[in-house]
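The values are calculated or read from the model by the stated rules, or taken from the named source; none is laboratory data. Quick caveat, the model's predicted, so the values are computed rather than measured. In this analysis, Cβ positions are derived from the backbone assuming ideal geometry, glycine residues included, and neighbour counts consider all displayed protein chains.
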Amino acid sequence: MKIKFDKELPSLKVERDLKERDKKHLWHPLTQHKIHPKALPIVKAKGVWLFDEDGKEYIDGIASWYTTMYGHCNEYILQAVQTQMQQLDQIVFSGFTHEPAIKLSEELIKILPNNQEKIFFSDNGSTANEVGIKMALQYHFNTGEKRNTIIAFEDGFHGDTFGAMSVSGLSVYNGPFEDFFIDVQRIPTPNAENINSVLKQLQSIIEVNRVAAFIYEPLVQGANAMHMFEAGYLDQILKICKENGIITIADEVMTGFGKTGKTFASDYIMTKPDIISMSKALTAGFVPMAVTSCTQEIYNAFLDDSVGKAFFHAHTYSANPIGCSVALAAIELLQTKEFQDNIKRVTKSHQDFDAKIKGHPKVKTTRQKGVIYALDLNIELDRYGKKRYEIFEYFMQKGIFLRPLGSTIYILAPYVITEEQLNMVYDAVHDLLKKI
Ligand SMILES: *Cc1c(COP(=O)(O)O)cnc(C)c1O
């Protein structure tokens, strides 16, 4: 459903003057302000639509970094938040508990891979991974083993806090911090050609290091331009980890909650992770919140008569009741027939679009998993280079918000996107291919 733009807004434009006021005190993420001083003010969002200060509309083709999968300002979720806000806003989660957190733990355990038993709260994807890494390290510490190395994929992305940054392989911009990273060994993502050498590399890392954990994005590496790999190969890696007592941490921050066509990408893989991190679509774009789940075995290693073996990690807003109520409403929506049908429909549309476009001379390769679709252009582009910004601007002119990653264009729209709106996105991509 497309909503009408609020006619009162344009008249507010002059006094708002958001573009100029923004420049005065704000420092934006991932932005070189000297080269890119402008930020686009968005004043309203509904469903798949974003509205800027001047009344121009854009389809949010990447669901605002894969968060607003149920559509912006989803009415059902809004009601749940409002009710919760009037009932209980915030309470310290150390020593206190509440219904939304309890209920959310119950609902998550129902939909998570069935070896998961415990739910730990934090604030965002980075902290969810930070928690996972610390759980894994302390698990070994508590059980009396000295293990300090973490294995991760080359070019993975797990967030921007120190532990998460250390295990992230996309390190071009990590220069100032690399001397302070935790000990990480990297392996390539597996494919048909390299699987044997990847397994060999893994074995030799295990032989010479005391490996505590392996952290990975299952099947799709979001920030690595939606790079995809097969479940079977990952399974072989995970099996070796399990045989060697290495804690496996699935970073489902991007892939979680239906995007791959199953609730979690881990559902495609036989060997289940010991720890799973979630955020982004968990709270449907309403509030920042994250969850790290783990097995009973991990949890049990922290149970002791001594306080020192406890997990001393907390965030002030851990299990914020409003965040929990949002997540509950979102999970409820995800499980409805309507949303499951939407996921199937969008998946099918991407397949049809792919069939049309993959032979195009300007297209190098395409890939898809569920509602995640990506294509690589036949030209080399810097991740944050000039040409990449031109392509971004080109889509914005057409009223489509897509965020190219180097020469990759990907679509990851809210599940509520209609066929008509999807065609607008596809047409814009088609037109770009004609232009470049
Ligand atoms: C976005 C993302 C993160 C980091 O989450 P933040 O909420 O931005 O800290 C971690 N892992 C993956 C796979 C992500 O996509």
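Just wondering, is there one or more residues in region 382-405 that are of a type outside the set (V, I, T), under 30 Å from K118 (Cβ atoms) and surrounded by 22 or more Cβ atoms within 10 Å (Cβ to Cβ)?
Of the residues in region 382-405, the ones of a type outside the set (V, I, T) are 382-390, 392-399, 401-405.
Checking the rest, the ones that are also under 30 Å from K118 (Cβ atoms) come to none.
So far as region 382-405 goes, no, none of its residues is of a type outside the set (V, I, T), under 30 Å from K118 (Cβ atoms) and surrounded by 22 or more Cβ atoms within 10 Å (Cβ to Cβ).
Quick one: in region 229-260, which of the residues that are polar (S, T, N, Q) and part of a loop (DSSP other than H, G, I, E, B) is farthest from P218 (Cα to Cα)? Walk me through it before giving the result.
Keep residues of region 229-260 that are polar (S, T, N, Q), which gives 236, 244, 248, 255, 260.
Subset that is part of a loop (DSSP other than H, G, I, E, B): 244, 255, 260.
On the way: N244: 20, T255: 7, T260: 10 Å.
Residue satisfying both the conditions and the ranking: N244.
When I119 is evaluated against the numbered criteria (1) away from the ligand (no atom under 16 Å from the Cβ); (2) assigned to a helix (DSSP H, G or I); (3) in contact (Cβ under 8 Å) with a residue 12 or more places away in the chain; (4) within 17 Å of T292 (Cβ to Cβ), which criterion, by number, is the only one it fails?
Every condition holds for I119 apart from (2).
Does at least one position in region 331-347 carry a residue that is part of a loop (DSSP other than H, G, I, E, B) and either under 30 Å from A136 (Cβ atoms) or out of contact with any Gly (no Cβ under 8 Å at 6 or more places or on another chain) (or both)? First the steps, then the outcome.
So in region 331-347, the residues part of a loop (DSSP other than H, G, I, E, B) come out as 335-336.
From what is left, the residues that are either under 30 Å from A136 (Cβ atoms) or out of contact with any Gly (no Cβ under 8 Å at 6 or more places or on another chain) (or both) are 335-336.
Yes: one or more hits.
Here is a list of conditions, (1) more than 30 Å from Y173 (Cβ to Cβ); (2) at pLDDT 95 or above, and V14 meets all of them except one; can you say which number that is?
Looking at each condition in turn, V14 falls short on (2).
Suppose we filter region 365-381 for residues that are exposed (fewer than 15 other Cβ atoms within 10 Å of the Cβ) and modelled with pLDDT of 95 or more; how many remain?
First, the residues of region 365-381 that are exposed (fewer than 15 other Cβ atoms within 10 Å of the Cβ): 365, 378-380.
Applying the additional criterion that residues be modelled with pLDDT of 95 or more yields 365.
The number of residues fulfilling the criteria is 1.
Just for region 31-66: of the residues that are without any contact (Cβ under 8 Å) to a residue 24 or more places away in the chain and among the hydrophobic types (A, V, I, L, M, F, W, C), which one is surrounded by the fewest Cβ atoms within 10 Å (Cβ to Cβ)? Give the derivation first.
To start, the set of residues in region 31-66 that are without any contact (Cβ under 8 Å) to a residue 24 or more places away in the chain comprises 31, 33-35, 37-39, 42, 52.
After this cut, where a residue has to be among the hydrophobic types (A, V, I, L, M, F, W, C) as well, the list is 35, 39, 42.
Details: I35: 9, A39: 14, I42: 16.
Ranking the candidates gives I35 first.
Only one residue in S126, S197 is surrounded by 15 or more Cβ atoms within 10 Å (Cβ to Cβ) and at pLDDT 95 or above. Which one?
Details: S197 fails: surrounded by 15 or more Cβ atoms within 10 Å (Cβ to Cβ).
None of the other options fit; the residue is S126.
Might you let me know whether region 124-140 holds any residue that is among the acidic types (D, E) and either in contact with a helix residue (DSSP H, G or I) (Cβ under 7 Å, 6 or more places away or on another chain) or within 16 Å of the ligand (Cβ to nearest atom) (or both)? If you could, list the steps in order and put the result at the bottom.
Initial filter on region 124-140 (among the acidic types (D, E)): 130.
Then keep just the ones that are either in contact with a helix residue (DSSP H, G or I) (Cβ under 7 Å, 6 or more places away or on another chain) or within 16 Å of the ligand (Cβ to nearest atom) (or both); that gives 130.
Yes, that holds for at least one residue.
Among K200, K110, which is among the basic types (K, R) and within 17 Å of I237 (Cα to Cα)?
Values: K110 fails: within 17 Å of I237 (Cα to Cα).
The match here is K200.
Please enumerate the residues belonging to region 261-306 that are more than 14 Å from L238 (Cβ to Cβ), in a helix (DSSP H, G or I) and either of a type in the set (D, E) or more than 12 Å from the ligand (Cβ to nearest atom) (or both).
Q296, E297, I298, Y299, N300, listed by residue number.
Check region 226-244 and report whether any residue there is within 13 Å of the ligand (Cβ to nearest atom) and closer than 22 Å to M165 by Cβ.
yes
Out of F96, F157, which single residue is assigned to a loop (DSSP other than H, G, I, E, B), among the hydrophobic types (A, V, I, L, M, F, W, C) and within 16 Å of the ligand (Cβ to nearest atom)?
Values: F96 fails: within 16 Å of the ligand (Cβ to nearest atom).
Only one candidate passes the filter, namely F157.
Could you tell me which residue of region 249-260 is farthest from A212 (Cα to Cα), considering only residues that are of a type outside the set (D, E) and within 12 Å of the ligand (Cβ to nearest atom)? Full working, then the answer.
Looking only at region 249-260, we keep the residues that are of a type outside the set (D, E), and these are 249-250, 253-260.
Subsequent filtering for residues that are within 12 Å of the ligand (Cβ to nearest atom) retains 249-250, 253-256, 259.
Numbers: I249: 11, A250: 14, V253: 21, M254: 24, T255: 24, G256: 24, K259: 29 Å.
Going through the qualifying residues, I end up with K259.
Looking at region 324-354 only, could you name the residues that are closer than 17 Å to G47 by Cβ, charged (D, E, K, R) and surrounded by 15 or more Cβ atoms within 10 Å (Cβ to Cβ)?
Passing the criteria: only R345.
Name the residue that is surrounded by the most Cβ atoms within 10 Å (Cβ to Cβ), counting only residues in region 251-296 that are touching a Lys or Arg at 6+ places or on another chain (Cβ under 9 Å) and farther than 22 Å from W65 by Cβ.
Selected residue: C294.
Search region 200-224 for residues being more than 16 Å from the ligand (Cβ to nearest atom) and among the hydrophobic types (A, V, I, L, M, F, W, C), and hand back the single one that is surrounded by the fewest Cβ atoms within 10 Å (Cβ to Cβ).
Step one: of region 200-224, the residues more than 16 Å from the ligand (Cβ to nearest atom) are 200-212.
Within this subset, residues satisfying the condition of being among the hydrophobic types (A, V, I, L, M, F, W, C) are 202, 205-206, 208, 211-212.
Values: L202: 22, I205: 16, I206: 20, V208: 9, V211: 23, A212: 24.
Applying the filter and picking the extreme gives V208.
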